[in-house]
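Report on one structure; see the data block that follows.
What follows is calculated from the coordinates using simple rules that are stated; it is not laboratory data. Model, not experiment: these values are computed from the prediction. Cβ placement follows ideal geometry from the backbone for every residue including glycine, while neighbour counts extend to all protein chains displayed.
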Amino acid sequence: MTAGRQVPAQDDVLGYFATLSNWGRWGEDDERGTLNHVTDDVRLAAARAVRHGRSVSCAWEVAVPGDMERSTTACPCAADMPGAEGMPPAFHADRRWGFSTEHLGMTFHGNAVTHLDSPCHLFWDGTMYNGRPHSLVDPATGSAWAAVTAAADGIVTRGVLLDVAAVRGVPWLEPGDGVFPDDLEEAERRQGVRVRRGDAVLLRTGRGRARHEQGPAPGVEQAGWHASCLPWLHEREVALIGADTPQDVQPSGYPDVLMPVHAVGLVAMGLWLLDNCDLEACATTAAELGRWDFQLAVAPVRLAGTSGSPVNPIATF
């Protein structure tokens, strides 16, 4: 849907790498990017957004098998477990308790698992956020720059859900439908909320509903943020964006910038991304309570040198 809109040309989008850059804004050694917008005052304001005490998850369950490889051990009697021979005698005397344990593995980047992208997830011309070279990513130890551990203290801020599917009066946007700044502002008007500095903006395209009703969508086309939203997000000083898709509308419309929201957002802006949220419970709760802002808590696993983390974002109304 582009009729009547000023859609930026590809050269304009490529120009965003300079005009929207946050390199050096918070110092040459900054790895947190837009999370710097989340100040103590912003977190206090987020706490005041809790009015009802109701919390909902914004994540998909990680499926087994499929999204996660799992190896489980169950010992009905712990004294019989491998290696128990080295335990103290009292351990062998207690034959009543047992245990289960797991070894888990997953690839969380992609189009299925709800996850957080840190700035080191993407390079542009071999460069990461704040001008660091991609050579800081080592195959054995991971990234020495702007890894997910830069958010080790968690992300707790005000979340705002913008329901663009409702704005357009459809159950879900069709694959390839882009979301534009006028959609965001119409959602603000309809919902009586305004995005402000330090917010996490969650975009509902309705893909979650489609996935619940029809299963995962085939193909690579998807609805999502259009590149024209990037200046809007920069101007509003948004700390984090999420969506019920992997963010970028696909196809992007720009042959030389296939994923501009990822590329410009992560590399130039240091904008953290929440991919593949399930926003249906959040939207239902927001509509029922008549509140489209809430406290959002995102706690990535402290995985050293990692470009992101599977997460379970919690919205508390």
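Descriptive notes on the structure:
- Shape metrics for segment 43-96, restricted to C-alpha atoms - Rg then Dmax, Å: 22.0, 55
- Amide H contacts under 5 Å for T245: N276, C277, restricted to partners 5 or more places along the chain or on a different chain, H placed in the peptide plane at 1.01 Å from N.
- D256-A287 FRET efficiency (beta carbon distance; Förster radius 51 Å; 0.05 resolution): 0.80
- Least to most buried among M87, M128 (fewest other Cβ within 10 Å first): M87, M128
- Net +/- balance of residues flanking L104 in space, Cβ distance below 11 Å, scoring K and R +1, D and E -1: -2
- Label point distance in nm, D125-S55, each placed 7 Å from Cα along Cα→Cβ: 4.4
- 20 Å binning of all Cα-Cα separations within the chain, expressed as whole percents from 0 upward: 31, 53, 13, 2
- Net charge in the neighbourhood of T73 (other residues with Cβ under 15 Å of its Cβ; Lys, Arg +1, Asp, Glu -1) is -2.
- At R0 = 45 Å, FRET efficiency that the Cβ-Cβ distance of E85 and A63 yields, to 0.05: 0.75
- Positive end of the dipole of the chain (Cβ unit charges, origin at the Cα centre): among W292, P216, L279, the Cα lying farthest that way belongs to W292.
- Gain on full stretching of the segment that runs from V220 to R5 - 0.36 nm per residue minus C-alpha separation: 74.9 nm
- Taking one quarter of the surface of the C-alpha convex hull of segment 1-65 gives a mean projected area of 10.3 nm².
- Net charge, R209 excluded, C-beta distance under 15 Å - Lys, Arg +1, Asp, Glu -1: -3
- Dipole magnitude of the chain about its Cα centre (Cβ charges: Lys, Arg +1; Asp, Glu -1), debye to nearest 20: 940
- Gain in span if fully extended, T101 to E235, counting 0.36 nm per residue against the direct Cα distance: 43.5 nm
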